[in-house]
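Visitor: Quick one: the structure is below, questions incoming.
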Amino acid sequence: MSFDKSVSVTTVQCFANVCSEITAGAQFYYMSEPEEESQCGGLRELLEDFIEAYKNEPSLWQTKMKEYHDRNKKDAAYRRLLEIYKSIDAKATRDIVVKKINNMRTSYKRELNKIKASEKSGAGSDEIYTPKLWYFKLFTFLNEQETPKTSISNLSDEDGNEVRLKLN
């Protein structure tokens, strides 16, 4: 990976701190050099806005919706997200936006699994894993996707009453 000489180390560190989920080999573009260090927080705010916009596009993440399976609606939603993401990366494409969302969702899911594993291990409340991801709380809207649907038994006795099986 080569760096543009006009990009300062501070800019790269700022970008790396905010976008910690970028994996090795992933393609991304650096922001132009900020005029002052306080602009590092500006990138975080832009990503927060991007995540909020993603949350407001349930056709992209709510698998139980009819719109989730509608290519046209999903394409329109990605175009809206792309316009927002271009404030972070002017060279962004739809593919970059999709990869960014997938990277962030994967990181969120990894942190969520660590929490669940620490809860199952019988650890005390002070030993439960605390997420390190700065945007973890912003993705909690995805938790409803984790909840399984209530199942309906298709077993019944001769009178039509539901049969409950006891597993040992």
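A short reminder: the numbers here are calculations on the coordinates, not readings from a lab. All figures in this text were calculated on a predicted structure; none of them were measured in a lab. Here Cβ is always computed from backbone atoms with ideal geometry, including for glycine, and neighbour counts include all displayed protein chains.
Visitor: For Thr93 and Glu144 in the same chain, what is the full-extension length gain: residue separation times 0.36 nm, less their Cα-Cα distance, in nm? Working shown, then result.
Guide: On the way: separation 51, 0.36 × 51 = 18.36 nm, distance 2.88 nm.
Value of the extension gain: 15.5 nm.
Visitor: Rounded to the nearest 0.05, what FRET efficiency do His69 and Asn113 have when you use their Cβ-Cβ distance and R0 = 25 Å? Write down the numbers at each step before the final one.
Guide: Numbers: r = 27 Å, r/R0 = 1.07.
The computed FRET efficiency comes out at 0.40.
Visitor: Here's something else I'd like to know. How high is the relative contact order of segment 42-141, in percent, counting Cα pairs under 8 Å that sit 6 or more residues apart? Don't skip to the answer; put the middle values down first.
Guide: Details: 71 pairs, mean separation 24.6, N = 100.
Value for segment 42-141: 25 percent.
Visitor: Okay, moving on. As I understand it, the dipole of segment 42-141 uses +1 on the Cβ of Lys and Arg and -1 on the Cβ of Asp and Glu, about the Cα centre. Which of Ser125, Phe136, Trp61 lies farthest toward its positive end?
Guide: Highest projection toward the positive end goes to Trp61.
Visitor: Assigning unit charges at the beta carbon (Lys, Arg +1; Asp, Glu -1) and nothing else, what dipole magnitude in debye, to the nearest 20, does segment 42-141 show about its Cα centre? Spell out each step's value before the answer.
Guide: Details: 22 positive and 15 negative charges, 87 e Å.
Computed about the Cα centre, the dipole is about 420 debye.
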